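Okay, so here's the structure we're looking at.
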Amino acid sequence: MHRYLIPDALLVDAQTYLRGHALLVDGSRVLDLVPAESAPEAASVRFEGELWTAAPLLLHAHLESHDAPCLVWPRESFAAWVERLLEWRENGARMDAEVSATESLRELAAGACGLVVTHVAEPGAAGGHLEDPVLPEIAAFPEFFVPEPADADEVLRAIDARPPAAHGGFALHAPFSVSEALARGVFARARGWDVPVSVHLGEHSE
């Protein structure tokens, strides 16, 4: 059942402070933000004296990397950093991707994160096995690391066979790690399905 939750004020973001507004909700999901006077009294719940703020968002995460020893990896060279990352990912002693996703989400929930967009590069890393209302909402984007132009058509056919789910999208690893053909194909499909694309554009000074 839809309800209208009406605090005294809402801090939507750093620039948007609102009074006299209601959140239209269905269960735990916010559907809309509407003027309080338009809310039916029978379906309204008022929270006098309360200021509500939007939860922070993490718009690029790798939930499978909870136990990555990234603080000890070299940072002066991007190539060296990537080498350490790939060595760690091949290490059989690392945390299972599904367990890592669980621990990552719990840590994010403790920081009051409301939404996580995660790049999914391996099975189990999406966190979709969890149905805990305390944890952040998850938008899982499959990540493509496909630098060879000859491989673009095969990847695009696979995308066409499985359109993105609700709240889904696509993740291109970086401009240097996907071919132009693949990037153009992914963006064209994203426009057609009206879904977002995430990509590393400035991860390192190099």
In contact with an Asp or Glu (Cβ under 8 Å, 6 or more places away or on another chain) and under 30 Å from Pro123 (Cβ atoms): does that describe Ala101?
yes
Condition broken by Gly111, with the remaining ones in (1) closer than 26 Å to Val178 by Cα; (2) open to solvent by 40 Å² or more (accessible area, probe 1.4 Å); (3) more than 15 Å from the chain's Cα centre (by Cα) satisfied
(1)
Extreme residue, least open to solvent (accessible area, probe 1.4 Å), among residues of the range 8-20 that are more than 16 Å from Gly114 (Cβ to Cβ) and touching a strand residue (DSSP E or B) at 6+ places or on another chain (Cβ under 7 Å):
Ala9
The range 48-72, residues that are in contact (Cβ under 8 Å) with a residue 40 or more places away in the chain and either more than 11 Å from Val117 (Cβ to Cβ) or in a loop (DSSP other than H, G, I, E, B) (or both)
Glu48, Gly49, Glu50, Leu51, Trp52, Thr53, Ala54, Ala55, Pro56, His62, Glu64, His66
Which of the residues belonging to the range 154-204 are without any contact (Cβ under 8 Å) to a residue 24 or more places away in the chain and more than 20 Å from the chain's Cα centre (by Cα)?
Glu154, Arg157, Ala158, Ala161, Arg184, Ala188, Gly192
When Leu23 is run through (1) closer than 21 Å to Ala174 by Cα; (2) of a type outside the set (S, T, N, Q); (3) touching a strand residue (DSSP E or B) at 6+ places or on another chain (Cβ under 8 Å), the failure sits at (1)
What residue, among those in the range 10-35 that are over 13 Å from Arg46 (Cα atoms) and outside any strand (DSSP E or B), is nearest to the chain's Cα centre (by Cα)?
Ser28
Of all residues making up the range 73-86, the number that are open to solvent by 50 Å² or more (accessible area, probe 1.4 Å) and either of a type in the set (D, E, K, R) or over 28 Å from Leu115 (Cα atoms) (or both)
5
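The values are calculated or read from the model by the stated rules, or taken from the named source; none is laboratory data. This is a predicted model, so every value here is computed, not measured. Here Cβ is always computed from backbone atoms with ideal geometry, including for glycine, and neighbour counts include all displayed protein chains. For accessibility, only protein heavy atoms count, side chains too; no ligands or nucleic acids. Shrake-Rupley method; radii C 1.70, N 1.55, O 1.52, S 1.80 Å.
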